[in-house]
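Trainee: First the structure, then my questions, so here it is.
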Amino acid sequence: MSHYQNSNISPEQLPTVNNAAFIGLEKAYLKVGLISLVLNFGFLAGIFLVISVSVEQLPFGQAIWLVWFTLLIVSVIYHRIAFANKGYAIREKDLLYKQGLIWQQVTGVSYKRIQHVGISHGPIERMFDLANINIYTAGGAGVDLKIAGLTQARAEQIKEFILSQTGIHHEQ
């Protein structure tokens, strides 16, 4: 007959994320983010331009462009500052990712829960030889943890390490 135990743990005994050694993302990823931001704002400007050409007297026309320009500048500044706050930590039993400037978030995934690991990259990321590692866990409907802004080689290294920790067979 086994004796079930469920002892209390004091808060002082809990591990802390603050001790994790976070690694920053590749500097080239900042450029990728800024390029994507400018392309999105350029698309929005194109829509505004089409509307302003098709409507003779666009109410608040100059105000719309002023708001657009202000949002572009604020977004670029925010993106640059928030970039410095992103990073990942590879630990013995889990992988952590931190992000956010105003709403800060640290996400951790235990190697025991990982079901699949994939690497992806978009066209702009490929131009800078960057990749994302996508981690899927048991019971998740989609990507549970995505670490963007890694070199292709580093993403492959992390994937290999995770596979070695989880025992998942390599998928081609």
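The values are calculated or read from the model by the stated rules, or taken from the named source; none is laboratory data. Everything numeric in this text was worked out from a predicted model, so none of it was measured. We place every Cβ from the backbone using ideal geometry, glycine too, and count neighbours over all the protein chains shown.
Conditions tested, residue by residue: (1) among the hydroxyl-bearing types (S, T, Y); (2) within 20 Å of A84 (Cβ to Cβ); (3) surrounded by fewer than 10 Cβ atoms within 10 Å (Cβ to Cβ).
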position: Q5; (1), (2), (3): no, no, yes
position: E12; (1), (2), (3): no, no, yes
position: F22; (1), (2), (3): no, yes, no
position: Y29; (1), (2), (3): yes, yes, no
position: G33; (1), (2), (3): no, yes, no
position: S36; (1), (2), (3): yes, yes, no
position: L44; (1), (2), (3): no, no, no
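Trainee: Pull up region 28-52, narrow it to residues that are farther than 15 Å from H121 by Cα and of a type in the set (G, A, S), then point me to the one that is modelled with the lowest pLDDT.
Mentor: If we take residues in region 28-52 being farther than 15 Å from H121 by Cα and of a type in the set (G, A, S), then S52 is modelled with the lowest pLDDT.
Trainee: Continuing with the same structure: Which of the numbered conditions does I81 fail, given that it passes all the others? Conditions: (1) of a type in the set (V, I, T); (2) farther than 30 Å from R154 by Cα; (3) outside any loop (DSSP other than H, G, I, E, B).
Mentor: In the conditions (1) of a type in the set (V, I, T); (2) farther than 30 Å from R154 by Cα; (3) outside any loop (DSSP other than H, G, I, E, B), I81 misses (2) alone.
Trainee: Let me ask you something else. What is the residue count in region 110-135 for residues that are surrounded by fewer than 19 Cβ atoms within 10 Å (Cβ to Cβ), assigned to a strand (DSSP E or B) and over 14 Å from the mean Cα position of the chain (by Cα)?
Mentor: Number of matching residues: 4.
Trainee: Consider only pairs whose beta carbons are under 7 Å apart and that are at least six residues apart or on different chains; among these, list those whose first residue lies in region 26-38 and is over 7 Å from L130 (Cβ atoms) and touching a residue at least 12 places away in the same chain (Cβ under 8 Å) and whose second residue is part of a helix (DSSP H, G or I) and of a type in the set (F, W, Y).
Mentor: The qualifying pairs are L30/F83; G33/F83.
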